[in-house]
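Note sheet for the following structure.
Quick note: the coordinates plus some simple rules give every number you see, no bench work behind them. Worth saying up front: this structure is predicted, and the values here are computed from it rather than measured. Positions of Cβ are backbone-derived with ideal geometry, glycine not excepted, and every protein chain shown enters the neighbour counts.
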Amino acid sequence: MFRTMSLLRALIGTSRLVRHTPRLLAALPPDDDVLLDPPDSRLAPALVAAALDDPEPAAKLLATTRDAAEWEDRDRYAIRLSTFAYRRDGWLEHWLATAPGDPDALLVKAQLAVRRAWESPARAERLAEVGPLIEAAAAAAPEDPVPWRLALDHARGTHASPAVFETLWEQAVRRAPHHYGSHVAALTYLSAQCCGLRGETPRTPHAAHHECFDFAEQAAEDALPGSLVQALPVRAAFEQLVAGPRAGHPVCGDRIDAAADRALALSARHPAGHLWPGEVRNLLVYVLAARGRWPEALAEFGRIGPHASSFPWSLTADDPLRGFLDARSRAVREVARRTPLRAARPEPYPAGWGEADGDGRAGPSGHYA
């Protein structure tokens, strides 16, 4: 009897996969169309020019973000430009040679130096050497929080004490109280050090995760509804999901689900397919999948569209793009397997899910942009 029931369940599951998988896949961009970390329309020309050893578009882009106090964009662009310079830095050397005191060039230089030091076998020693570069970038643009975010990352790598970190944190939030990058740096420090921003007393891993959630949830409460800081709790959830099994303590399931709910609300405030919240959406689908919330995860993959991000997949797979595609394929299978044979479409998908747009491609709300 039990064998018969098992066979019946297997047959039903296979029938559901056969019926629903093609429709679910048609509502997503094909694997070959998915790009890893694609640049937006402002960054792309700067990268093309940098490939030709021309730093002027990058200089104009970062100067614009600084003048307009577009700190989130400035942070992302500085990281992407330094990533490009990691492999090909002739354009950056030319920029620094012609404008040695340019605050934007100094920022990219410092970001690049920190990355190279971080990846060195002699990390602590190399990081100690690049401290003056961060200080120069901060001094060149006193109002800019991004060098202070970089200083927070640097402090984590040099194992700075909580008291030192607190001083840097105060400088960062004084310039931009809700800067997402600075908050991520602070949260990552908390997770790595197993202690709070205030006080020197070490914490157990279990207590440390609670402190991370406390910090992230309070920051989200204080932030505006559309701010990326609203996604800080889901970042804390990811940290616990990755570290929890190794640390050997229970996962804070209720807090992880609440963090995912908050991030879903943030994602819903932004158009599907947009790059700006793309990394947050990639992080969110990882957490949703880990919690077995497959319909919500698949709907979020639809909002991501063809824009995969290296984070978090670079931390969970050798090939981040393959990791993204594998996670998306599993979400399709899990939703298909759970959908009744006669259901028109799984819920809770957004209106328009799976409907083709003008060029025949299907997507959430009929389009990706």
Exercise. By per-residue mean of other Cβ atoms within 10 Å, what is the highest-first order of 116-127, 133-144, 255-266, 44-55?
Worked result: 255-266, 133-144, 44-55, 116-127
For this session: Counting other Cβ atoms within 10 Å, keep those with at most 15, restrict to DSSP loop, and tell me which trypsin sites (Lys or Arg not before Pro) in region 269-345 are left.
Result: R269, R342
For this session: Can you tell me how much longer the chain between D318 and A139 gets when fully stretched, taken as 0.36 nm per residue apart minus their C-alpha distance, in nm with one decimal?
Result: 60.6 nm
Exercise. Distance in nm between label sites at A268 and L35, each 7 Å beyond Cα in the beta-carbon direction?
Worked result: 3.0 nm
Problem set entry | A99-D257 FRET efficiency (beta carbon distance; Förster radius 51 Å; 0.05 resolution) | 0.55
